[in-house]
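First up is the structure itself, then whatever we jot down about it.
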Amino acid sequence: MADRTGVASSFGLKLETTVGTAVTVDTWHPLISEGVARVETPTESKAIRLNRRVLTTPEWNSGNVVISGPVALELNSTGLRPILALMGFAETGSGPYTYRPGDMYGKAATMQFGKPAMSGSVIPWTIAGTKLKSWEIGCAAGEIATLGLDVQNCLVDVDHSTALTAPSYDSLLRPLKFSGASVTVAGSGVTAYDMKLKGDLKLDRKPVLGSQFVKELRATDRYLFTGSILTDFDSVTFYDDYVGHTEVAIVMTFTGPNSASLVFTMNARIDPFTPNISGREAIQTEIPFTCVSSDANDYSAISAVYTVPA
């Protein structure tokens, strides 16, 4: 019998061969929290029924279903390949793995949550056809790096009848933390207190006739990759880059034990900011940026290299 609290919860995923066709999950990440919910908006008749002042049973029926919400994880040293493949990137290489912006159509994952019940059972919550609408990686001084996923599924409903796959964490799984995190701008190291990187894949959802569920989500606009660096105000260099519309090279690095690493290389513009005085303490300022392609290749805007621990 399992623990009756969140101690017995689990989260796993696996990329699907066919979008919406569930597969058995095989990659597990320790879970901080999740808020993935099934929301169905019933259809209700707008027609008048003589002298009826409240909704009646024949006047409502099923409606469109949206299954979406946040999944909060730590950024771990193992198990990142399927997640990076959903983050707007195409994978090449055989280790280290390189990730560059690519077409997300035809890419989805089956995700399974183990939800502990007071009965002592862990209820499987399987969601196939799952894509990432957006994501965020962040790391603050003194803390473990975080990975936030905003998921939404398509084509199929939640399934809680498929058996729960017993989690098996990689023996080399370790959370990546602040002491292995660094950032450079224009080739120079920056004293950073916090850094963030976000992706918005601009996925739409289109209800269709004959189904309560949307068809496969697809991008309707350019992907948007943005971020920020919290640092000391020690010169006007970043401000001059902003005012002068100067694009700069930014490299965010996360390293861990056993030679694990995740490195994002970006070409970015500095977005509007102004260093302000807020008291007697040293001035800190958050430098916002947007990734921009400097040539005909999308990957000049952003790419990543992932080295799996060995």
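The values are calculated or read from the model by the stated rules, or taken from the named source; none is laboratory data. Note that this is a predicted model, so its numbers are computed, not measured. Virtual Cβ from ideal backbone geometry, glycine too; neighbours counted across all protein chains shown.
For segment 166-181, taking the residues that are of a type in the set (Gly, Ala, Ser) and assigned to a loop (DSSP other than H, G, I, E, B), the one that is nearest to Asn76 (Cα to Cα) is identified as Ser171.
Residue pairs whose Cβ atoms lie under 9 Å apart, separated by 6 or more positions or on different chains, with the first residue in segment 242-266 and farther than 14 Å from Pro175 by Cβ and of a type in the set (S, T, N, Q) and the second at pLDDT below 95 and in a strand (DSSP E or B), do not occur. Residues of segment 1-22 that are surrounded by fewer than 16 Cβ atoms within 10 Å (Cβ to Cβ), touching a residue at least 40 places away in the same chain (Cβ under 8 Å) and more than 17 Å from Val122 (Cα to Cα): Thr21 alone.
With the structure loaded, tell me whether Asp234 is under 27 Å from Ser303 (Cβ atoms) and either out of contact with any Cys (no Cβ under 9 Å at 6 or more places or on another chain) or of a type outside the set (A, V, I, L, M, F, W, C) (or both) or whether it fails that test. Taking the combined requirement at face value, the residue does not satisfy it. Checked against (1) in contact (Cβ under 8 Å) with a residue 12 or more places away in the chain; (2) within 24 Å of Val308 (Cα to Cα); (3) surrounded by fewer than 20 Cβ atoms within 10 Å (Cβ to Cβ), Ser179 meets all criteria but (1).
Taken over segment 116-145, the residue count meeting the criterion of being out of contact with any Gly (no Cβ under 9 Å at 6 or more places or on another chain), assigned to a strand (DSSP E or B) and either at positive phi or charged (D, E, K, R) (or both) is 2.
The condition of being under 16 Å from the mean Cα position of the chain (by Cα) and either exposed (fewer than 15 other Cβ atoms within 10 Å of the Cβ) or at pLDDT 95 or above (or both) holds for only one of Thr98, Thr92, Thr110, that being Thr110. Check segment 91-107 and report whether any residue there is in a strand (DSSP E or B), without any contact (Cβ under 8 Å) to a residue 60 or more places away in the chain and out of contact with any Asp or Glu (no Cβ under 7 Å at 6 or more places or on another chain). For segment 91-107, residues in a strand (DSSP E or B), without any contact (Cβ under 8 Å) to a residue 60 or more places away in the chain and out of contact with any Asp or Glu (no Cβ under 7 Å at 6 or more places or on another chain): present. Just to be sure, is Ala296 small (Gly, Ala, Ser), touching a Pro at 6+ places or on another chain (Cβ under 8 Å) and under 26 Å from Arg100 (Cα atoms)? No.
Scanning segment 119-156 for residues that are surrounded by fewer than 16 Cβ atoms within 10 Å (Cβ to Cβ) and in contact with a Phe, Trp or Tyr (Cβ under 7 Å, 6 or more places away or on another chain) turns up Ala141, Gly142, Glu143.
All conditions but one from (1) surrounded by 12 or more Cβ atoms within 10 Å (Cβ to Cβ); (2) at positive phi apply to Asn51; the one that does not is (1). Residues that are more than 28 Å from the chain's Cα centre (by Cα) and within 25 Å of Ala128 (Cα to Cα) within segment 203-238 comprise Leu209, Gly210, listed in sequence order. The residues listed here are Asp200, Asp241, Asp194, Asp159; of these, the one that is under 23 Å from the mean Cα position of the chain (by Cα) and within 21 Å of Val292 (Cβ to Cβ) is Asp200. Can you work out which of the residues in segment 77-118 that are of a type in the set (Phe, Trp, Tyr) and in contact with a helix residue (DSSP H, G or I) (Cβ under 8 Å, 6 or more places away or on another chain) is farthest from Ala219 (Cα to Cα)? Within segment 77-118, the match that is farthest from Ala219 (Cα to Cα) is Tyr97. Which of the residues spanning segment 123-176 are free of Cβ contacts under 8 Å to residues at least 60 places away in the same chain, closer than 29 Å to Ala260 by Cβ and out of contact with any helix residue (DSSP H, G or I) (no Cβ under 8 Å at 6 or more places or on another chain)? Within segment 123-176, Gly138, Ala166, Ser171 qualify. Has segment 146-165 got any residue that is closer than 24 Å to Ser303 by Cβ, in a loop (DSSP other than H, G, I, E, B) and among the polar types (S, T, N, Q)? The answer is no; no qualifying residue exists. Restricting Asn51, Asn61 to residues that are farther than 26 Å from Lys131 by Cα and free of Cβ contacts under 8 Å to residues at least 12 places away in the same chain narrows the list to Asn51.
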